[in-house]
Amino acid sequence: MFLSDSKNSEDQNKELLRYFFGTYGLVIVIGIVTIVFGFLTDWIFTSPRNVPILLRQASITGIVAVGVALVIISGEIDLSIGSAVGLCAIIVAWLMKVVGLDPIIAVLLTLAVGLLLGAWQGAAVAWFGVPSFVVTLGGLLIFRGIGLIITEGETIASFPASFLIISQGSLDNSIVIGLGAIVVGFWLLTVFRQVRNSKSLSSGLKQLVPKVGLGFLIGIVVIYVASSSIGLPIAVALMVSVALILQIVASRTRFGRRVYAIGGNREAALLAGINVNRITFLTFLLMGALYGLAGLVLASRLNGAPPGGAPFLELDAIAAAVIGGVSLRGGIGLVINALLGALLLAAINNGLSLMNVPTFYQLVVSGLILIIAVFLDSRAKAKT
């Protein structure tokens, strides 16, 4: 009897460890990377001045990463992200500098262009039956070509100050702390509800401790960023808002449940009466909205629109999603974890830059991280 109880307790502890590292493993990795780079850079990496810069660097990748995570969960792929975002940046620059439109009107029209790009690709995949790999690969070339035609190979630069605030502006510290308190409060409320609905008090309490700890960690990060001279960049606030909204859409709405169902088993979803084509189209349409938003942030951050678009952005976004646990086979993963993947990539690139490591070595490191993430995903698929 004693041996049986001991074995059950050991099994429960192992299950708890698997749950903990499976849920918070990426947060732990980010923490380790932060400590390592902090030590190697004499803690410049973790300084109140550098942290907001790091977050701003992650904003563009983070915005599109959560979108492509939803696309991948649905069983599709998007290789056109860099060209589409770059084209949207060129469009807003052209509208303001060449056409002479007011920045607000230019921003709205650019968001509409992003939606059109997503709608075009979504329609080709959903209703014309062209594989998303082919459609978005073609989109990568088409969008980049259109961008070169509009710019004639030259950067369009120097925008109004009212537009630059999108990426270069920051929220007031009191607003940052207030929003942080709301996020932490919502997180803890959700956790306590999960504990209350758990099968047993002991299992609920075991899950409560790490989640409450993570909630307080989020609060500490918010206060730390608010204490910096830069504050919380508006682009970062946009990135976090997009991630939270898409996570709610993916986990709490009928649309989100159907996306997971299609990615998990397309045939079963069809038999269940799900309009697969419509959901696929809407997924790409949503991705199109993020093209526009990320393009605005890119143009504002650079104070210009380069003719070549945003090279490698699609690879960074897909890598962030896969690192965040989104399976390339579809139907598995959390949208918001793609944001953590983007933060990890940004942290590594930022740390290497502070150490004066050349850019091409940073590309090698990013590529190795992607290969490792895909390898782990393949191993998980083999076990199932």
For region 350-364, 3J(HN,Hα) per residue [Karplus equation, 6.51 cos²θ - 1.76 cosθ + 1.60, θ = phi - 60°, Hz, x = Gly/Pro]: 5, x, 5, 5, 5, 8, 6, 7, x, 4, 5, 6, 5, 5, 4
Per-peptide average of other Cβ atoms within 10 Å, ordering 274-280, 353-359 highest first: 274-280, 353-359
Built amide H within the under 5 Å cut-off of G324, gap 5+: G341
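Can you tell me which of 255-264, 95-104, 317-326 comes out highest on packing, and rank the rest after it, using the mean Cβ neighbours within 10 Å?
In decreasing order of mean packing, 255-264, 95-104, 317-326 become 317-326, 255-264, 95-104.
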Span from the region 258-291 Cα centroid across to the region 142-173 one, whole angstrom: 32
Inter-label distance, nm, simple model (7 Å from Cα along the C-beta direction), A272/V357: 4.2
For region 134-143, 3J(HN,Hα) per residue [Karplus equation, 6.51 cos²θ - 1.76 cosθ + 1.60, θ = phi - 60°, Hz, x = Gly/Pro]: 6, 4, 6, 5, x, x, 3, 6, 5, 5
Efficiency of FRET from Cβ geometry, V29 and Q168, R₀ 41 Å, rounded to 0.05: 0.85
Unit charges on C-beta of K, R, D, E only; dipole of region 14-161, Debye: 280
From phi via Karplus (6.51, -1.76, 1.60), per-residue ³J(HN,Hα) for region 73-78 in Hz, x at Gly/Pro: 4, 6, x, 10, 8, 9
Under-5 Å amide H pairs with S170, H placed in peptide plane, nonlocal only: I234
Ranking of F143, F360 by count of other Cβ atoms within 10 Å, fewest first: F360, F143
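Read-outs throughout are calculated quantities, based only on the coordinates presented, and are distinct from any laboratory measurement. Just so we're clear, the structure is a prediction, and the values are computed from it rather than from any experiment. Every residue, glycine as well, gets a Cβ built from its backbone with ideal geometry; the counts of neighbours run over all protein chains shown.
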